[in-house]
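A.B. asks: Encoded as structure tokens, here's the structure I'll be asking about.
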Amino acid sequence: MPNATILGCGMVGSIMAADLARDDDFTITVVDARPAALEAVRKRLGSRVTTRQADLSDADAVKAAVSDADIVLGALASRIGFQTLETIIGAGKDYVDISFMPEDAWTLDDRAQSAGVTAVVDCGVAPGMSNLMAGYGARALDVCREIVIYVGGLPVERRLPYQYKAGFSPYDVIQEYTRPSRIVEHGEMVVREALSEPEIIDFEGIGSLEAFNTDGLRSLAATLDVPFMKEKTLRYPGHIDLMRAFRATGLFDEEAISIPTADGASALIKPIDVISTLMFPKWTYDEGERDLTVMRVEVSGEKGGSEKSFRWDLLDYYDPDQRATSMSRTTAFPATIIARLIARGDLKRPGVHPPEKLADVDGLLDHVLVELGKRGIEYSNQEQDSVL
């Protein structure tokens, strides 16, 4: 019986634990620094999980937490994602991670190969499923010319002024609004400002959404030889202008500024800490509040002398029976599905792999889609052919 250790038990980590607890193949340990989060997991899953409190920003604490693990799953904030990956590889443990880390995880590929560690990173919905589909489509074509990804997590009920709530770490959401966006044009990587090049797109079942550049391509820009690639984030119309105003005001800045105090002295305060304290509570979903995840992945090019394209669409909603947000489910389940394969020995490939590098594994995408379907997450798939 493999030992699975989950690092982080927020919205995503707790769903990872619940999914692995569906069968008796694993013993499950959940590790987090927050007593309330650990208590929530114990209340939800009872004796199926063991909980452990630890500061996961400390590498030694991470190493101790995974010492008995056969497979480790990571659901941590982006700012400690890379150092955690490095620690897990050093501990010789196989790893599946969903952290939106700003660093290039694949720079640790040689180290993972030397340690015999299989590490699959960015293994959520986007990045994650979007990468696996992009890799599959690119490999299926003789010539792949373009990959476009649209994705967003949204509250079903729109409320001003934000018309948004965060389905994952709000800090990582702000990164989407500040981190320069890498896209590929004419075979060259170019950088665009976050929140740039807005466009309105209609989605069946939702209506009009606005899309803007974010740094979502990540590994795809380096691993796939495709001349045009981009990822855009989706929000309800009006959200872009509000976030641009906050950014232009400096509210997302991480450099401390001096603020006069009432006693005539001054205090150093980071603007991002102020807006985080004030805004994040308003971006938190209430218990039972419905959210949705919408995604479209389009891959186009040439096959056998004809134009050919692939398109996958997802529209998923909060699961009231499991009391689980759509974003947590669509993010957690790809990771647990892949983790099961690794733990059972069905997927062993030492190195650090973003999902598109696994697209050459026969039947992997179909397997993941079938397993997601069993969990109520349905992707539609369209293939189109036309004469050149």
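Values quoted throughout were computed directly from the atomic coordinates according to the rules given, and no laboratory measurement underlies them. Owing to the predicted nature of the structure, the values given are computational and were not obtained by experimental measurement. Because the Cβ atoms are built from the backbone with ideal geometry, glycine has one as well, and the counts that use them run over all protein chains shown.
A.B. asks: Roughly what % of DSSP beta bridges within the chain run antiparallel, to the nearest 5? If you can, show how the numbers build up before the last one.
C.D. replies: Numbers: 54 of 84 bridges.
Here the share of antiparallel DSSP bridges comes out near 65 percent.
A.B. asks: What does the helix-only formula give at 222 nm for the chain: each DSSP H stretch with n ≥ 4 adding -39500 (n - 2.57), the total divided by the residues, and the result rounded to the nearest 500 deg cm²/dmol? Before the final figure, lay out each step's value.
C.D. replies: Numbers: 12 runs with 119 residues, N = 388.
Counting only the DSSP helices, I get -9000 deg cm²/dmol.
A.B. asks: Just to check I understand the Karplus step: with θ = phi - 60° and J = 6.51 cos²θ - 1.76 cosθ + 1.60, what whole-Hz values come out for the stretch 308-323, glycine and proline as x?
C.D. replies: 9, 9, 10, 9, 10, 10, 9, 9, 10, 10, 3, 9, x, 5, 8, 6
A.B. asks: Sequence neighbours fewer than 8 away in the same chain don't count; with that in mind, list the aspartates and glutamates whose C-alpha is under 16 Å from K374.
C.D. replies: Partners within reach: D19, D23, D316, D319, D321, D366.
A.B. asks: Report the full-extension gain for the segment M189 to T277: residue separation times 0.36 nm, less the Cα-Cα distance, to one decimal in nm.
C.D. replies: Working: separation 88, 0.36 × 88 = 31.68 nm, distance 3.56 nm.
Between M189 and T277, full extension yields an extra 28.1 nm.
A.B. asks: Would you work out the charge dipole size for the chain about its Cα centre, treating the Cβ of every Lys and Arg as +1 and the Cβ of every Asp and Glu as -1, and quote it to the nearest 20 debye? Kindly include the intermediate steps, with their values, before the conclusion.
C.D. replies: Values: 41 positive and 61 negative charges, 154 e Å.
Here the chain has a charge dipole of around 740 debye.
A.B. asks: Can you tell me which lysines have their Cα less than 18 Å from the Cα of K63? Leave out same-chain residues fewer than eight positions away.
C.D. replies: Filter leaves K93.
A.B. asks: Right, another one. Roughly how many whole Å is it from the C-alpha centroid of the stretch 51-76 to that of the stretch 130-149?
C.D. replies: Taking the Cα centre of the stretch 130-149 as reference, the centre of the stretch 51-76 is 35 Å away.
A.B. asks: Looking only at K374, K63, K282, which one moves most when the chain is put into a Gaussian network model with springs between Cα atoms under 10 Å?
C.D. replies: Comparing K374, K63, K282 in a Gaussian network model of the chain, the most mobile one is K374.
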